[in-house]
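One structure below.
The values are calculated or read from the model by the stated rules, or taken from the named source; none is laboratory data. This one's a predicted model, so the numbers in the text were calculated from it and none came from an experiment. Positions of Cβ are generated from backbone atoms using ideal geometry, with glycine treated the same way; all protein chains shown enter the neighbour counts.
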Amino acid sequence: MDAVRLVEVGARDGLQNEPRSLPVATRVALVERLVEAGLRTLEVGAFVSPRWVPQMAGSDEVVRQLGRRPGVTYTALVPNLQGLERALAVGCQEVAVFAAASEAFSQRNINCSIAESLERFRPVLARARDAGVKVRGYVSCVLGCPFSGEVPVAEVVRVTRALHELGCYEVSLGDTIGRGTPGHTRALLEACATEVPLDALAGHFHDTYGMAVANVQAALEAGVRVFDSSVSGLGGCPYSPGATGNVATEELVYLFHGLGLSTGVDLPSLVAAGAFVDQALQRPTGSRVARAMSARAGREAA
Ligand code: HMG
Ligand code: MG
């Protein structure tokens, strides 16, 4: 059976945007449940300034407590060398740097221009290579910016290529504000694939306009096989009013299994992991699949 690879970002992208911060023990317990459900690549924290993103304070302790597990990769964001050193100190096997295709977003998110960010990542990639740590790259605002609106495709292609040339083994294209539609998604991927091999591209869709699953399908049709998602659709975007979280992992597992693609994930266990974090955050699930499955289970139990 053909396979897709899911990168579970709930414990990072999801939790960084939830108004309520979760303690380290709960974040570790969430990741452990996600691993039990079958996820094998999980972004579990961010070694960024805790002043900028307080929800990610304690990421060092999260990674330390998770330790290593055969066949499982725990990864975390690093914005600079200081972040990388923190990641190395706790034994991260993989990290991710993050740039944007919009100047305005780059300034608000990491306090520097796109060019400065790429220069900042150069020593990060060199140091990571020496330490035997793989580096993934993100490009934000690939289908629009909350500050400057339209983002030219050529700019997305340029930043994607730059990250790949710097040594990122994979570049994840982020529809940060979840405004893209499938036609644009497909055109964007086709443009990026002219400069970077398709198997080095991943899709990262937020679901603000309800288009994320359709965008994933469009990216799949364009040949992408790696997708980021958050259990229960956790998260939002502090810079984008009304923005919802990442596409829910439950939705992608349901979609891919329906298409005959294997994910390695057990959907009921994933839904249970989502219920665990939703209870901790005191929020309703952001996954329609989870809602449907829970309602059905409740009816059958009655
Ligand atoms: P800055 O203020 O320009 O940094 O922030 P600085 O180098 O001038 O340092 C200022 C202070 O921050 C210093 O402390 C540094 O030590 C400290 P002080 O001397 O004032 O006490 N500092 C750090 N502390 C801990 N860890 C570090 C670190 N670096 C500096 N690594 C900086 C620049 C990049 C640090 C800041 O802007 C930052 O942390 N930004 C992070 C923003 C963020 O995490 N955004 C969310 C993730 S991106 C995203 O969600 C998009 C994505 O999901 C894809 C998509 O959806 O599009 C990936
Ligand atoms: Mg994101």
Item to check | Some residue of the range 206-221 being acidic (Asp, Glu), outside any loop (DSSP other than H, G, I, E, B) and buried (at least 19 other Cβ atoms within 10 Å of the Cβ) | outcome: no
Next on the checklist: Criterion first (in a loop (DSSP other than H, G, I, E, B), in contact with a strand residue (DSSP E or B) (Cβ under 6 Å, 6 or more places away or on another chain) and surrounded by 24 or more Cβ atoms within 10 Å (Cβ to Cβ)) does Gly174 satisfy it?
Outcome noted: no
Checklist entry - Are there any pairs with C-beta distances below 9 angstrom linking a residue in the range 202-230 that is more than 13 Å from ligand 2 (Cβ to nearest atom) to a residue that is modelled with pLDDT under 95 and among the hydrophobic types (A, V, I, L, M, F, W, C), with the two at least 6 apart or on different chains, and if so which? => result Tyr209/Ile177; Arg225/Ala3
Checklist outcome for this item: Quick count over the range 39-59, residues being buried (at least 16 other Cβ atoms within 10 Å of the Cβ) and over 17 Å from the mean Cα position of the chain (by Cα), is 3
Checklist entry - Any residue in the range 3-12 that is surrounded by fewer than 17 Cβ atoms within 10 Å (Cβ to Cβ) and either more than 19 Å from the chain's Cα centre (by Cα) or not hydrophobic (A, V, I, L, M, F, W, C) (or both)? => result yes
Checklist outcome for this item: Pairing a residue in the range 163-177 that is within 19 Å of Glu43 (Cα to Cα) with any residue that is buried (at least 19 other Cβ atoms within 10 Å of the Cβ) and among the acidic types (Asp, Glu), where Cβ atoms lie under 7 Å and the two sit 6 or more apart in sequence or on different chains, gives Ser172/Asp228
Checklist outcome for this item: Checked the range 287-302 for anything modelled with pLDDT of 95 or more and outside any helix (DSSP H, G or I); matches are Ser287
Item to check | Evaluation of Val97 against (1) away from ligand 2 (no atom under 16 Å from the Cβ); (2) touching a residue at least 40 places away in the same chain (Cβ under 8 Å); (3) crowded, with 23+ Cβ neighbours inside 10 Å (one fails), failing number | outcome: (1)
Checklist entry - When the range 13-35 is examined, which residues are found to be of a type in the set (Asp, Glu) and either without any contact (Cβ under 8 Å) to a residue 12 or more places away in the chain or within 16 Å of ligand 2 (Cβ to nearest atom) (or both)? => result Asp13, Glu18
Next on the checklist: Checking the condition closer than 30 Å to Pro152 by Cβ and crowded, with 19+ Cβ neighbours inside 10 Å, which residue from Val78, Val90, Val62 passes?
Outcome noted: Val78
